[in-house]
Amino acid sequence: MAPPSPPAPLPPAGRARSQRRVPWRRRRSSPSRPALRARRLRAPHGRDCIPRRAPRPAALRPSMRRARRGAARGGCPRMPPRQREPRRGPGAPPRPAPPAATRPAALALVTLLSFASRFHRLREPPHVCWDETHFGKMGSYYINRTFFFDVHPPLGKMLIGLAGYLSGYDGTFPFQKPGDRYEQHNYVGMRGFCAFLGSCLVPFAYLTVLELSKSLPAALLTAFILIFDTGCITLSQYILLDPILMFFLMGAVLSMVKCNSCADRPFSASWWFWLSLTGVSLAGAMGVKFVGLFVVLLVGLNTIYDLWDLLGNLSLSLVMFGKHLLARVLCLIFLPLALYTAMFAVHFAVLNRSGPGDGFFSSAFQSQLIGNNLHNVSVPEHLAYGSVVTMKNLRMAGGYLHSHWHLYPEGVGARQQQVTAYLHKDLNNLWIIKKHDSDTDLSDPSSPVEFVRHGDIIRLEHKETSRNLHSHQHEAPLTRKHFQVTGYGINGTGDSNDFWRIEVVGRRTGQLIKVLRSQVRLTHVATGCVLGSSGKTLPKWGWEQVEVTCTPYLKETPNSLWNFEDHINPKLPNISLDVLKPSFAEILLESHMVMIRGNSGLKPKDNEVTSKPWHWPINYQGLRFSGVNETDYRVYLLGNPVIWWLNLVTIGLYLLITVATAVALKRGVQLTSELKELSRVVLHAGGQITLGWLLHYLPFFMMGRVLYFHHYFPAMLFSSMLTGITWDALLKFCAGFLSPSTTARKVYGGGFLALVLLILYSFYLFHPLSYGMIGPMASHPSSPMAGLRWMDSWEF
Amino acid sequence: MLSVSQRVTAVLFCSPRFRQASDRMLGFLKEPVVVTAKINVSLVALTVMGLMSRLWRLCYPRAVVFDEVYYGQFVSLYMKRIFFVDDSGPPFGHMLLALGGYLGGFDGNFLWNRIGAEYSINVPVWTLRLLPALAGALCVPLAYQILAELHFSHCAALGAALLILLENSLITQSRFMLLESILIFFILLAVLSYLKFYNLQKHSSFSGSWWFWLLLTGVACSCAVGVKYMGLFTYMLLLATAGLHFWHMIGDQNLSNVSLLCHFLARALALIIIPMGLYLSFFYVHLALLYRSGPHDQIMTSAFQASLEGGLARITQGQPLEVAYGSQITLRNVLGKPMQCWLHSHTNTYPIRYENGRGSSHQQQVTCYPFKDVNNWWIVKDPGMQQLVVSNPPRPVRHGHIVQLVHGITTRYLNTHDVAAPLSPHSQEVSCYIDYNISMPAQNLWRVEIVNRESDTDVWKTILSEVRFVHVNTSAVLKLSGASLPEWGYRQLEVVGEKLSKGYHQSMLWNVEEHRYGKSQEQKEREVELHSPTQMDISKNLSFMAKFTELQWKILTLKNEDTEHKYSSSALDWITMDTNIAYWLHPTSGAQIHLLGNVATWASANAAALLYLCLSLWYLLRRRRRIYDIPEDAWQLWMAAGGICGGGWAVNYLPFFLMEKTLFLYHYLPAVTFQILLIPVVLQHLSDHLCRSVLLKSMFSALVVAWFSWVYFVYCTFSPLTYGQPALAPAELRALRWKDTWNILIRKQ
């Protein structure tokens, strides 16, 4: 992270602050000259107040020096005009500067603590924890270049794979289930990478708050909250997508804030740097999880607000405005889009071997994967009677027509054999095409080949069970308005409900049917319904495969269209088919559709206890990362309750303060300049952060998919930043009411110290949650966590 | 009637006006009593036309039309006072429909089973359809008034009313026993009263009419929400508008803090507290009306069922309240999903090996059984004592007590142990213990935890207490897994001991439903006792709030399966009206009724909305650069009209994209009503501000007239499908199929 270019007003630290306060107070009460002189004498660093320019400390660190140069070049790291305006007599308070070394030292301290807390006991436990089983496995897939399917975009897993590759992990560990020991495999590289990104969150948050509130205590408070939150620590220590997501998310927020504070010198190098960094981080966030969309929204809203402001600035010509607009479009739309697409290009380029994810994608896509049976495929081109085929549903992520020996349970339509759609390749996906009226053995090599034509009436026999594809007027198991589809008959003899008319979309009668290419519709002859896949997942009795129905509503959707994928017919010559190679854009679209499907398919099952969004801010229930029993090494993802409840209370407090401030301003109450600045921080900076919190939290209430506790952590980052800003403002406000400066300073410093000590002590209490507990459960008095199970719903 | 031209002043008695306020008290002695009435004839005419268009031959067709089949059954249930739960919305709309039935003297005896079925003679079709038709008709004058209150010209207001009048879809929807027209009426009423209130605000705060309109806003809002939850969105819109207006008042330095507070309190009272109270009162009336048990009973908890006449109450009346050692009880699972069931056991044992090769304990099965059965009875036993009868005085079981549960018929003890359950291998098997003399000791102690307790010494109460059974040895919790067992378990539901009990879930809670104090120590006698019904006579009632919370919760959480319907559509289809709904088809002729909008109006409404959006954006950007195209007051008008009409459209339409339920075209009607109101707004704006010359103005007026005749023409063309008469020939029907996606029914000859 490059050192940020310094903003104009530097945050006051304890001592400097009180010195500023004294004269200001006195000036209000008795504006006498001796007082003013006294103030001047005591001004920090002996510098006088320079109204147009923030005072600079004499000690010049390199970063400071460069900033100064930038200031000279860019014209001004000055106050924006609005803040310069207030009438300031000769005795106006100076822009206070902190003691020269405070800020970088604070940043260094915060970063150091953050890294120490995240890297402490990183190797423990040396077995697979929670979702490492997924993401570690996916990292391995990248190393082995096998194709897989996941509901998240690829960047996060690619980075994990890369980290593993660089640190010498060879991709051979199977990551089968949580609790498997890593043994000799090198897993620390991947964990270390995640921990590294997770550690960066703290300095990011620190800098963001510093930039927004110009207050060192606020920034420090935020940093301490994040450093000592057990939840953040735990989530950063394992091979998960969350630290990567949050890294990009905070990166985007930080660069956005930095870019905003460069607003007074647009098109300068640092402005461009932060603007494009925002774009890059957005692409990163979107590339890890779709939740990144929320931060895109946040930045988008901020940009619109920004542009609106610029448009109202009449000193700016329309041409200049156009330049501003163009720069943002370029950096915040085109740049991220390009990066995002590039990510997928790399993803598809790396994963070029057939793997477990093939079945989720269309036949055309599969033909590109080395090792897939459609790769350089050579099959008989036209469908003939007696052919053995698999049929794939044409909806995105549609499955293969499938059947197995199991029957529909009692009460679900007729008790006949189940027919489903199945996403994986399997022998039970094979069907034989037969004529509807004759039962001659077509496998006899001497019989003549007869092709299937558009409009023919056929029978489909399931190869493994010799039952015919059958439908009748019983209601389908889930989609009650459709008809049930079953396997019926013995050894291929069924009844007239087994007849289906085969039609190709957009063809005339009599034409042949091509494998892979033709889009086929199967119409049930007796009832006139169309074979389709509803996309709903069957309950346990159906092995959670996808429902297949016969729909009487003849709507033209991909749900009711199929194509033939495998085709085996020994009597026909195999022809090398050039399957239509899908273009990159098509692949991109398809993989997104599949991901979205997959995401919305993660529905909670009946009777399953799921985490609800309202549980999260109150820290109602954690997640078990590792270990169940007393002898296990147990890690439990749970926020530090003191910190989380502090955050929760602060949100309420913040609302109160905001309403009070807004109403006061609207009523035209005269505020002192100090209070004005305070209210600006509360309304503007706090508002931005609150918006971020809302955007990362509220949408979960509308999501139908299964939710987990860790989904709240991005919102928690915002909540923590809000806590820092709010408490700082609140303490300043309270201190402002106390007249003797010493008391005010004591109140302010004491309040701050109390909060920090509270956080430290609670971390001391709860640290075993992150760093592991062995021994009796918390309910047992001899446990280290005894007495700390404050809520019954916590399980440690 | 206010603020419009073309007024006829009908003066009944002429006289000079009162001059002095002091004279008023005794004025009637000096002067004759005078009533001055102004009647807006156009408004009256619009109302009459509205009534005519909606009430004309209301009884036709005398058959069940579309969703009447759905709402009709609720009307019948109201007439018979039988309790039901309808998850589609709150009860106020249903009650209004039932009011129609009540006025017509309907006895509720009609089988609502099929669309198109002829009504029998006892069904008062006219009164049943009257209220929705009246509500639909009154929307016409309401539209006029809303535009007038938005300070648009009489002409624009007239246009809006006529467009609503000639909107085929609104007519169709109003003429049958359906809720949308009532909903639209209340929505429009709420908007109108708020506008009236707001216009009075400037001159006469806290006057009588100010209060009247403010209160009416709240009342209309809660009625709208009470009819359908869709009304909530308009309510929110009005709350937001009120909030915005109040925010401007805060900035007004002329108002003192006290009067500001008064204003705030008045609004909070009228717009929040009164609507909430009214909403509660709908449920109060609903529950007061429906006191008999009925087909939906089993959705509710035992306590609720017991409060209804008949049904469970007949069984549970007079049961002892406190469960004591020796009590005979049935235990119902609180979740009620996938179906209600009771803890059950029978002599069959778990198979030694399951299909997948896993082994079991081979002890007696424990399941959850969805029917009443003698095998559902259990006896609460004190582990320290042998007796199975209730001592005198009874020793009640309290929270935290440890008990054994004895199965009444087989006298085996409820047990769980470290054996995987048949279908949920992560949980423990629950069985009734059979001692096979192998190293598997009985572990049959359970701790009773009352979840909804008030104190830690609460007594376990029949029906009221929701109880968790925690196994003493393994701290597993007795839970309904929801899976149904295979053949060997008679497809009953699986019960397991959940070790990883993740917090609170209803599947782990049980409540005592039937209960009596056991008296027979002998097994034979006890069997007889178990077979006999419970009897004793004390009744017990739930408070209204408890009933309300439960019913409200059930309405909100009860999920009908999202089924595809032949006429269901997606929200995107509505804008362009790519879909229709066939409501009714004459059994023999081609006469039919469709929900089909006026194509001309819908297209114009879309155009108007688009134009409004573009113009607003244009003005807004230009204003930001300090270029003012239109005068400030015209801009305020334009924004206000857009906020109400465009906002109304947006809040009533956009939420459907987030909903995961079956959607129909009629869901769009509230939104389209608002969209139609936008047409005259845009037209007047165009003529006032964009047609600069007189020539342009008159050309524009001519265009508007031509366009309006087109609207009228389309209305006439489709009116056979709106009113269901006259019957059209197949060729005519085919000609009406203007879009390929419309589903117009043509009989094969």
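The values are calculated or read from the model by the stated rules, or taken from the named source; none is laboratory data. Computed from a predicted model, the values in this text were never measured in an experiment. In this analysis, Cβ positions are derived from the backbone assuming ideal geometry, glycine residues included, and neighbour counts consider all displayed protein chains.
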For the range A:517-555, enumerate the residues that are within 11 Å of A:F483 (Cβ to Cβ) and among the small types (G, A, S).
A:A526, A:G528, A:G532
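Would you mention how many residues in the range B:379-396 are more than 14 Å from B:S520 (Cα to Cα) and either at pLDDT 90 or above or assigned to a strand (DSSP E or B) (or both)? Can you show your working first?
First, pick out the residues of the range B:379-396 that are more than 14 Å from B:S520 (Cα to Cα): B:382-385, B:393-396.
Pick out the ones that are also either at pLDDT 90 or above or assigned to a strand (DSSP E or B) (or both) and you get B:396.
Of the residues in the range B:379-396, 1 are more than 14 Å from B:S520 (Cα to Cα) and either at pLDDT 90 or above or assigned to a strand (DSSP E or B) (or both).
So, A:P776, is that one of a type outside the set (A, V, I, L, M, F, W, C) and in contact (Cβ under 8 Å) with a residue 40 or more places away in the chain or not?
Values: of a type outside the set (A, V, I, L, M, F, W, C): yes; in contact (Cβ under 8 Å) with a residue 40 or more places away in the chain: yes.
Against the criterion (of a type outside the set (A, V, I, L, M, F, W, C) and in contact (Cβ under 8 Å) with a residue 40 or more places away in the chain), A:P776 qualifies.
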Considering only residues that are touching a residue at least 12 places away in the same chain (Cβ under 8 Å) and hydroxyl-bearing (S, T, Y), which ones fall in the range B:397-451?
B:T410, B:T411, B:Y413, B:T416, B:S424, B:S427, B:S431, B:Y433, B:Y436
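Just the residues that are touching an Asp or Glu at 6+ places or on another chain (Cβ under 8 Å) and either of a type in the set (V, I, T) or over 22 Å from A:C262 (Cα atoms) (or both), please, taken from the range A:199-229.
A:P217, A:L221
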Counting just the residues of the range B:563-612 that are among the aromatic types (F, W, Y) and either under 15 Å from B:F718 (Cα atoms) or not in a loop (DSSP other than H, G, I, E, B) (or both), which one comes out farthest from the other protein chains (Cβ to nearest Cβ)?
B:W602
Check off (1) closer than 30 Å to B:Y229 by Cα; (2) at pLDDT 90 or above; (3) among the hydrophobic types (A, V, I, L, M, F, W, C) for B:C716 and give me the number that stays unchecked.
(1)
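Considering A:L277, A:L298, which residue is more than 14 Å from chain B (Cβ to nearest Cβ) and touching a residue at least 40 places away in the same chain (Cβ under 8 Å)?
On the way: A:L277 fails: touching a residue at least 40 places away in the same chain (Cβ under 8 Å).
Exactly one residue qualifies, and that residue is A:L298.
Within the range A:453-487, track down each residue that is assigned to a strand (DSSP E or B) and either within 16 Å of A:D437 (Cα to Cα) or basic (K, R) (or both). Reasoning before the result, please.
So the first thing to find is which residues in the range A:453-487 are assigned to a strand (DSSP E or B), and the list is A:453, A:457-462, A:468-475, A:483-487.
Listed by number, the residues that qualify are A:R453, A:I457, A:I458, A:R459, A:L460, A:E461, A:N468, A:L469, A:H470.
Restricting attention to the range A:742-781, which residues are more than 30 Å from A:F119 (Cβ to Cβ) and either surrounded by fewer than 17 Cβ atoms within 10 Å (Cβ to Cβ) or acidic (D, E) (or both)? Give the steps one after another, and end with the answer.
Narrowing the range A:742-781 to residues more than 30 Å from A:F119 (Cβ to Cβ): A:742-751, A:779-781.
Across the range A:742-781, the qualifying residues are A:T742, A:T743, A:K746, A:G750, A:S779, A:H780, A:P781.
Does B:V390 satisfy being under 21 Å from B:T330 (Cβ atoms), buried (at least 23 other Cβ atoms within 10 Å of the Cβ) and in contact (Cβ under 8 Å) with a residue 40 or more places away in the chain?
Details: under 21 Å from B:T330 (Cβ atoms): yes; buried (at least 23 other Cβ atoms within 10 Å of the Cβ): no; in contact (Cβ under 8 Å) with a residue 40 or more places away in the chain: yes.
Taking the combined requirement at face value, the residue does not satisfy it.
Would you confirm whether any residue within the range B:623-630 is among the aromatic types (F, W, Y) and either assigned to a helix (DSSP H, G or I) or within 27 Å of B:R114 (Cα to Cα) (or both)?
Of the residues in the range B:623-630, the ones among the aromatic types (F, W, Y) are B:628.
Add one more test, that the residue is either assigned to a helix (DSSP H, G or I) or within 27 Å of B:R114 (Cα to Cα) (or both), and what stays is none.
No, every residue in the range B:623-630 fails to be among the aromatic types (F, W, Y) and either assigned to a helix (DSSP H, G or I) or within 27 Å of B:R114 (Cα to Cα) (or both).
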Identify, by number, the condition in (1) over 33 Å from the mean Cα position of the chain (by Cα); (2) buried (at least 16 other Cβ atoms within 10 Å of the Cβ); (3) not hydroxyl-bearing (S, T, Y) that A:R395 doesn't meet.
(1)
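Conditions (1) assigned to a helix (DSSP H, G or I); (2) among the aliphatic types (A, V, I, L, M); (3) over 19 Å from A:S276 (Cα atoms), marked per residue:
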site: A:V209; (1), (2), (3): yes, yes, yes
site: A:L212; (1), (2), (3): yes, yes, yes
site: A:P217; (1), (2), (3): yes, no, yes
site: A:L220; (1), (2), (3): yes, yes, yes
site: A:Y238; (1), (2), (3): no, no, yes
site: A:P243; (1), (2), (3): yes, no, yes
site: A:M246; (1), (2), (3): yes, yes, no
site: A:G251; (1), (2), (3): yes, no, no
What strands (runs of 3 or more DSSP E) completely inside the range A:327-442 contain at least 2 residues that are under 26 Å from A:Q473 (Cβ atoms) and among the basic types (K, R)?
A:431-435
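Every residue, every condition in (1) surrounded by fewer than 17 Cβ atoms within 10 Å (Cβ to Cβ); (2) in contact (Cβ under 8 Å) with a residue 40 or more places away in the chain; (3) under 29 Å from the mean Cα position of the chain (by Cα), yes or no:
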{"position": "B:F548", "(1), (2), (3)": "no, yes, yes"}
{"position": "B:I555", "(1), (2), (3)": "no, yes, yes"}
{"position": "B:D573", "(1), (2), (3)": "yes, yes, yes"}
{"position": "B:Y583", "(1), (2), (3)": "no, yes, yes"}
{"position": "B:H586", "(1), (2), (3)": "no, yes, no"}
{"position": "B:V599", "(1), (2), (3)": "no, yes, no"}
{"position": "B:A605", "(1), (2), (3)": "no, yes, yes"}
{"position": "B:L610", "(1), (2), (3)": "yes, no, no"}
{"position": "B:C614", "(1), (2), (3)": "yes, no, no"}
Are any residues in the range A:447-505 buried (at least 20 other Cβ atoms within 10 Å of the Cβ) and within 14 Å of another protein chain (Cβ to nearest Cβ), and if so, which ones?
A:A476, A:P477, A:L478, A:T479, A:H482, A:F483
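Would you pick out the residues in the range A:526-551 that are more than 14 Å from every other protein chain (Cβ to nearest Cβ) and not aliphatic (A, V, I, L, M)?
Initial filter on the range A:526-551 (more than 14 Å from every other protein chain (Cβ to nearest Cβ)): A:526-527, A:531, A:545-546, A:548.
The answer is A:T527, A:Q545.
Against the condition in a helix (DSSP H, G or I) and in contact with a Leu (Cβ under 6 Å, 6 or more places away or on another chain), how does A:T234 come out, does it pass? Even if it seems obvious, please write down each step before you answer.
Working: in a helix (DSSP H, G or I): yes; in contact with a Leu (Cβ under 6 Å, 6 or more places away or on another chain): yes.
Yes, satisfied.
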Show the residue pairs meeting these rules: Cβ distance below 7 Å; 6+ apart or different chains; first residue within the range B:481-498 and more than 7 Å from chain A (Cβ to nearest Cβ); second residue surrounded by fewer than 18 Cβ atoms within 10 Å (Cβ to Cβ).
B:S484/B:R491; B:L485/B:R491; B:W488/B:P351; B:G497/B:T474
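Within the range B:722-749, work out how many residues are under 14 Å from B:H586 (Cβ atoms) and part of a loop (DSSP other than H, G, I, E, B).
Step one: list which residues in the range B:722-749 are under 14 Å from B:H586 (Cβ atoms), which gives B:723-730, B:733, B:744-747.
Then drop every residue that is not part of a loop (DSSP other than H, G, I, E, B), which leaves B:724-729, B:744-747.
Number of matching residues: 10.
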In the range A:301-318, is there at least one residue being crowded, with 21+ Cβ neighbours inside 10 Å and without any contact (Cβ under 8 Å) to a residue 60 or more places away in the chain?
yes
Filtering the range A:782-796 down to residues that are more than 14 Å from chain B (Cβ to nearest Cβ), out of contact with any Phe, Trp or Tyr (no Cβ under 7 Å at 6 or more places or on another chain) and buried (at least 17 other Cβ atoms within 10 Å of the Cβ) yields A:S783
Over the range A:613-636, the set of residues within 10 Å of chain B (Cβ to nearest Cβ) and either part of a loop (DSSP other than H, G, I, E, B) or under 19 Å from A:H696 (Cα atoms) (or both) is A:H615, A:Y620, A:Q621, A:V628
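Can you confirm whether the range B:411-422 contains a residue that is of a type in the set (A, V, I, L, M, F, W, C), surrounded by fewer than 17 Cβ atoms within 10 Å (Cβ to Cβ) and in a loop (DSSP other than H, G, I, E, B)? Please lay out each step first, then the result.
Residues of the range B:411-422 of a type in the set (A, V, I, L, M, F, W, C): B:414, B:419-421.
Checking the rest, the ones that are also surrounded by fewer than 17 Cβ atoms within 10 Å (Cβ to Cβ) come to none.
Looking through the range B:411-422, none of the residues is of a type in the set (A, V, I, L, M, F, W, C), surrounded by fewer than 17 Cβ atoms within 10 Å (Cβ to Cβ) and in a loop (DSSP other than H, G, I, E, B).
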Kindly indicate the residue of the range B:16-48 that is at pLDDT below 75 and surrounded by 12 or more Cβ atoms within 10 Å (Cβ to Cβ) and also nearest to B:L138 (Cα to Cα) among those meeting that condition.
B:F18
Just one of (1) within 29 Å of B:S569 (Cβ to Cβ); (2) surrounded by fewer than 16 Cβ atoms within 10 Å (Cβ to Cβ); (3) out of contact with any Asp or Glu (no Cβ under 6 Å at 6 or more places or on another chain) trips up B:I627, so point out which.
(1)
